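Enquirer: Below: one structure in C-alpha cells.
No lab work stands behind these numbers, since they all come straight from the coordinates. Note that the structure is predicted; figures quoted are calculated from it, not measured. Please note: Cβ atoms are built from the backbone with ideal geometry, for glycine as well, and neighbour counts cover all protein chains shown.
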Amino acid sequence: MNPTITDAMVHVTSLDDVPVEHLHHLLETHTFACVRGLFTEDEILAARERVRQRFDSKNDRKHDPKDADAIRANFQKLIVGGTKAITGTPRFLRMFYNPTFDEDIYQMHDIFRRLTRFRNLLYSLPRDYTVNGVENGHWTASRINHYPRGGGFMAAHTDFGTATIAADLGLDRYVQLLLLMTKRGVDFHDGGAYIDVEGKRYFFESECEIGDVVIYDGRVNHGVEEIDSMEPLDLTSFAGRHVAMVTLFKLFSKDASMDEYNALVKNAPKK
C-alpha cells in the first residue's frame, strides 16, 4: 500500500515541540511529511482574504530572470511558459513576492517568519537565518503562489535549481515547504499538487487542511495538475489554489555569469 499524508502526519502546538528527527525519518521513509498545528485555519483564511483584497490583475508583471533584484521586493509575477527557463518546467501561475525586508503589504510577515524558522529547524540552520534579510549570500523568497482557476498548473519536475542551495550549505537533502491556504474540494475541485511515489501519482491535498505545512524531498518528482481546467479562465479573478512558500534562494547579482550557478548545479544532491 502506498503511504498517505495520514501515515506521515505530525501534530504540534509550536516550533518548540516539532520532532525534527522524526520528520527526517518520515522524509527518508515516504519522501514527504505533513505538520499540523503551527498555523490555524482562521489565521490563514484571514491572511488569504487580505491578499485577495489587495489583489489587482493590473499589477501583474512578467519577470526577466536576469533582473535578480526585482523579486527581492514586493512583486506580482505572472508566469506563463517556462520551457526556455534553465530548469525547463512549463507552468502557469501567479506569484506574490512579499519579502520580510520589504513593506508588509499583506500583513503576512509574521506567518512567513514562523514558516522560515520552521524551515531553518529542518535544515539545522540558526533560528533566524535569512528571516529578516540577506545572510551569507542567501535570502528567503517568501511568497504566495496562485494557480488560477481555469488551468493553473506546474509540470512534473524535481527541484533542480533550488537544490543547489543544499550543496551550497553542505546539506544532504533539499526539502520544500508548502503552507496550504486553500482546500481541495472547497476552493478548487480538480487538479492540485501531487508527488509521484512508487510509480503512482498522489494528490496529497485531498487529505490536508488549510494551515497544514506539507514537506517533501525536492528530489522526488512533483508538480501541480491543472486547477479546474474546464472552468472559464479569468485572470482578474483571485479564485484557484493558493500556497505560501519560503524558499531559500542564493543571491545572484544582475551581472553575474552562469558559471557560479552551474558549479552549484554540478554539486547539487542527486536522488
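Enquirer: What does the C-alpha gyration tensor say about the overall shape of segment 27-87? Classify as rounded when a/c is under 1.5, otherwise prolate if a/b is larger than b/c, or oblate.
Expert: Oblate.
Enquirer: Right, next: Sorted from fewest to most neighbouring beta carbons within 10 Å, what does the list Arg36, Arg91 look like? It would help to have the intermediate numbers written out before the result.
Expert: Working: Arg36 15, Arg91 19.
Ordered from fewest to most neighbouring Cβ atoms within 10 Å, Arg36, Arg91 come out as Arg36, Arg91.
Enquirer: Just how far, in whole angstrom, is segment 69-121 from segment 162-202 if you go by their alpha carbon centroids?
Expert: A separation of 15 Å, based on Cα centres.
Enquirer: Pick out, in residue order, every one of the GluC sites (Glu not before Pro) in segment 189-249 that is DSSP loop and has at most 10 other C-beta atoms within 10 Å; say none if there are none.
Expert: Details: sites: Glu198, Glu205, Glu207, Glu209, Glu225, Glu226; in loops: Glu198, Glu209, Glu226.
Counting only loop positions with at most 10 other Cβ atoms within 10 Å, the GluC sites (Glu not before Pro) in segment 189-249 are Glu198.
Enquirer: Continuing with the same structure: Per residue of segment 91-97, in order, report the coupling 6.51 cos²θ - 1.76 cosθ + 1.60 (Karplus, θ = phi - 60°) as ³J(HN,Hα) in whole Hz, putting x for Gly and Pro.
Expert: Taking θ as phi minus 60°, the curve returns 6, 9, 7, 10, 10, 9, 6 Hz for segment 91-97.
Enquirer: Shifting gears a bit: So how far apart, in nm, are the two label points at Arg52 and Arg36 if each is 7 Å from Cα heading toward Cβ?
Expert: So the label points at Arg52 and Arg36 sit 2.3 nm apart.
Enquirer: Name the residues whose placed amide hydrogens come within less than 5 Å of the amide hydrogen of Leu177, ignoring near sequence neighbours (fewer than 5 apart) on the same chain.
Expert: For Leu177, whose amide H was placed from the backbone, the distant partners under 5 Å are Val246.
Enquirer: Now for a separate question. Calculated from DSSP H runs of 4 or more alone, at -39500 (n - 2.57) each and per residue, what is the 222 nm mean residue ellipticity of the chain, nearest 500? Don't skip to the answer; put the middle values down first.
Expert: On the way: 5 runs with 54 residues, N = 271.
Dividing the helical sum by the residues of the chain leaves -6000 deg cm²/dmol.
Enquirer: Hey, another quick one. Could you tell me how many cubic angstrom of Cα convex hull volume segment 112-165 has per residue?
Expert: Numbers: hull volume 6.0 nm³, N = 54.
Spread over its residues, the Cα hull of segment 112-165 gives 111 Å³ apiece.
Enquirer: Any number yet on Rg/Rh for the chain, C-alpha, Kirkwood? Numbers along the way, then the final one.
Expert: Details: Rg = 17.5 Å, Rh = 18.9 Å.
Rg divided by Rh gives 0.93.
Enquirer: Just for the Cα atoms in segment 1-125, what are the lengths along the principal axes, largest first, rounded to whole Å?
Expert: 43, 33, 29
Enquirer: Collect residues whose amide H, placed 1.01 Å from N in the peptide plane, falls under 5 Å from the amide H of Ile105; neighbours closer than 5 in sequence don't count.
Expert: Those qualifying (amide H under 5 Å, at least 5 residues apart or on another chain) number zero.
Enquirer: Let me ask you something else. Residue by residue through segment 193-198, which ³J(HN,Hα) values in whole Hz follow from phi under the Karplus form 6.51 cos²θ - 1.76 cosθ + 1.60 (θ = phi - 60°), with glycine and proline marked x?
Expert: Karplus values, whole Hz, x for Gly and Pro: 6, 8, 10, 9, 10, 6.
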